[in-house]
Amino acid sequence: MSIALAPRTDTVLSPLERLDVLCDPGSLQVIRSEVQSERMGAKAAPGDGVVGGAGLVDGRPVFCYAQDPSYAGGSLGEAHANTIVRVLELAARAKAPVVGFVSSGGARMQEGVAALGGYGRVFARTVALSGKVPQISVISGLSAGGGAYSPALTDWIVMTEESSMFLTGPSVVREVMGEDVTATQLGGTRVHQKNGVCHFVERTSLEGALLARELLGYLPSHRDAAVPMRPARPADGGDPGAHVPAQARRVYDIRDVIACLADDGSLLEVSAGWARNLVTGFARIDGRPVGVIANQPRYLGGVLDAASSQKGARFVSKCNAFGIPLVVLVDTPGYMPGRKQEQAGVIRFGASLVHAFAEATVPRVTVILRKAFGGAFITMNSKDLGADAVYAWPSAEIGVMGAKPAVGIVHRRELAAADDPESTRDRLAAEYAQTHLRPEVAVRAGFVDELITPMETRSRLAWSLRTLQGTAA
């Protein structure tokens with residue numbers, strides 16, 4: 001059934017209107033909905049509080065559903081689950097993405113085990129589609145219990161500012177734990193954008209739907225399809241090197257560098273509020289979608305730690321699953337040391353980032369901007385880890401560690417015996433940097449393919465990706 005809705009200027013959208021905003025104008029076809037039953041004069045809705053549909057986004061098929069919190073709180077019963085399962089089954093057959101607008105109080109208590117079984121079927125179908133077609137959840141209200149688990153199984157989660165997610169609600173927490181919290185304090189956007197549960201935050205469900213459209217523009221329809229190419233656009237212009245201070249300890253925003261490399265200077269940043277010492281996001285270079293993963297010196301000096309390693313591993317794995325090439329920008333002093341990091345499992349999460357890069361089969365290109373030390377040099381898509389091309393700027397430093405800490409270990413006896421330890425350290429550090437850390441050393445040894453100027457970076461990335469992926473995606 002085709003649905004034509006009048007344009008909306010406000011931001012309070014019904015479930016059907018959310019699907020209409022997501023889809024190209026006039027393309028939405030309703031599969032199961034209470035809207036149908038209302039028009040037929042029926043008392044019970046076939047969708048039972050959820051609208052299922054199919055349409056087009058930028059001319060490509062997409063399947064979608066939207067829960068209705070005004071119908072039994074958006075709770076999931078057996079018929080409600082049947083609608084979502086039907087949407088997922090059709091998406092699997094058509095090899096098309098799925099976008100779900102989630103607002104649910106969880107399993108419908110009046111239906112008991114049947115409601116729990118419904119969630120089990122939804123979970124199973126969602127997992128069966130994982131890595132095969134892109135799945136996006138837009139949280140547009142309160143989502144509890146299974147209503148939180150269900151989107152967590154999808155690839156990307158968008159939360160609106162008024163939404164919240166949690167497994168157990170404030171009343172249960174108050175009863176069991178004695179904690180008096182609100183839904184926002186328990187699982188609002190401020191909570192989940194910092195812990196990595198949600199990937200994007202938008203103000204309204206209207207903006208959430210538009211972001212889902214934008215995200216789909218970077219993704220193939222399914223894992224075996226080509227990435228969607230667009231006409232090449234110039235970057236914001238300027239020299240990316242102008243944003244990177246020569247001093248190793250000076251901070252800067254890596255996103256300014258990305259703006260000089262990406263078409264239109266545009267980056268769709270993923271998980272911007274979580275582990276901010278690592279930037280992940282989607283961009284285009286010469287019209288080709290790429291996943292960007294970059295150390296962020298603005299936070300913690302760009303050091304890698306447990307959280308940023310987990311964030312990076314998840315993003316690399318998603319890009320690899322859907323054939324999106326990776327561009328890695330490196331400026332890191334290494335891994336964060338200390339007891340807290342060891343207790344946080346930095347070994348496990350650091351290994352997960354290594355694993356994600358090592359198993360990736362998509363084209364991978366690395367650029368070392370300023371420094372790359374120790375295990376972080378290896379982890380950030382080094383050549384021996386399988387990078388297809390590794391470039392470095394002429395001012396970069398590459399090695400086991402920085403010059404001063406290195407000479408503190410290598411020349412500790414000489415320093416201990418020196419009349420002026422500080423000047424001796426400075427002299428030895430300068431010698432060590434020249435001998436061991438210069439990028440020419442890494443080029444001669446084959447660990448870096450080529451030294452390039454900052455102004456050459458965009459063109460070299462475009463050439464590398466075009467060569468590795470083919471002229472046509």
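Roll a 1.4 Å probe over the protein chains and send me the accessible area per residue for segment 47-178 in Å².
Averaged over the residues of segment 47-178, the accessible area is 36 Å².
Going by a ≥ b ≥ c, the root eigenvalues of the Cα gyration tensor, does segment 223-345 fall in the rounded group (a/c under 1.5), the prolate group (a/b larger than b/c) or the oblate group?
In terms of gyration-tensor shape, oblate.
Just need the relative contact order of the chain here, percent rounded to a whole number, with Cα pairs under 8 Å and 6+ apart.
9 percent
Compute the relative contact order of segment 248-346 as a whole-number percentage, counting only Cα pairs closer than 8 Å that sit 6 or more residues apart in sequence.
The normalised contact order for segment 248-346 reaches 25 percent.
Would you mind checking the tilt of helix 421-432 against the longest principal axis of the Cα atoms of the chain, expressed as 0 to 90 degrees and rounded to 10?
80 degrees
Taking only protein heavy atoms into account and a 1.4 Å probe, give the accessible area per residue of segment 279-345 in Å².
Accessible area per residue: 29 Å².
Over all directions, how big on average is the projection of the convex hull of the alpha-carbon atoms in the chain, in square nanometres?
Mean projected area for the chain: 25.5 nm², to one decimal.
Could you work out how far helix 113-129 tilts from the main Cα principal axis of the chain, as a 0 to 90 degree angle to the nearest 10?
For helix 113-129, the angle is close to 40 degrees.
At most 16 other Cβ atoms within 10 Å plus a DSSP loop assignment makes a site exposed; report the longest stretch of the chain without any exposed trypsin sites (Lys or Arg not before Pro).
After excluding every exposed loop site, the longest remaining stretch is 299-473.
Could you tell me which of rounded, prolate or oblate describes segment 167-297, using a ≥ b ≥ c as the square roots of the eigenvalues of the alpha-carbon gyration tensor, with rounded for a/c under 1.5 and, failing that, prolate when a/b is larger than b/c and oblate otherwise?
Note, shape of segment 167-297 comes out oblate.
I want to check the label-to-label distance for Val400 and Arg298. Put each point 7 Å from Cα in the C-beta direction and report it in nm to one decimal.
For Val400 paired with Arg298, the spin-label model returns 3.5 nm.
Kindly express, to the nearest 10 degrees and within the range 0 to 90, the angle between helix 78-94's C-alpha long axis and the longest C-alpha principal axis of the chain.
Long axis of 78-94 versus the principal axis of the chain: about 60 degrees.
As a check on your grasp of the helix formula, calculate [θ] at 222 nm for the chain: sum -39500 (n - 2.57) over DSSP H runs of n ≥ 4, divide by the residue count, round to the nearest 500.
Result for the chain, helices only: -11000 deg cm²/dmol.
For segment 250-291 and segment 376-391, what is the centre-to-centre distance using only Cα atoms, to the nearest Å?
When both Cα centres are located, 19 Å separates them.
Ordered by residue, what ³J(HN,Hα) values in Hz, to whole numbers, does segment 256-272 give under the Karplus form 6.51 cos²θ - 1.76 cosθ + 1.60, where θ = phi - 60° and Gly and Pro are x?
Couplings: 5, 5, 4, 4, 7, 10, 8, 3, 6, x, 9, 9, 8, 6, 9, 6, 5 Hz.
Amide H to amide H, which residues 5 or more places from Asp286 or on other chains are under 5 Å from it, using H placed in the peptide plane?
The list, which skips near neighbours in sequence, is Arg233, Asp263.
Which distance in Å, rounded to a whole number, links the C-alpha centroids of segment 140-173 and segment 64-81?
If you average the Cα positions of each part, the centres end up 14 Å apart.
Regarding segment 234-298, what are the three Cα extents along the principal axes, ordered largest first, in Å?
Principal extents (Cα only, largest first): 34, 28, 12 Å.
How much of the accessible area of the chain, in percent, comes from carbon and sulfur atoms when a 1.4 Å probe is used?
54 percent
The values are calculated or read from the model by the stated rules, or taken from the named source; none is laboratory data. What you see is a predicted model; the values in this text were computed from it and never measured. Using ideal geometry, Cβ is built from the backbone for each residue, glycine included, and neighbour counts are taken over all protein chains shown. For the accessible areas, the whole protein counts, side chains as well, though only heavy atoms, and no ligand, DNA or RNA atoms are used. Shrake-Rupley method; radii C 1.70, N 1.55, O 1.52, S 1.80 Å.
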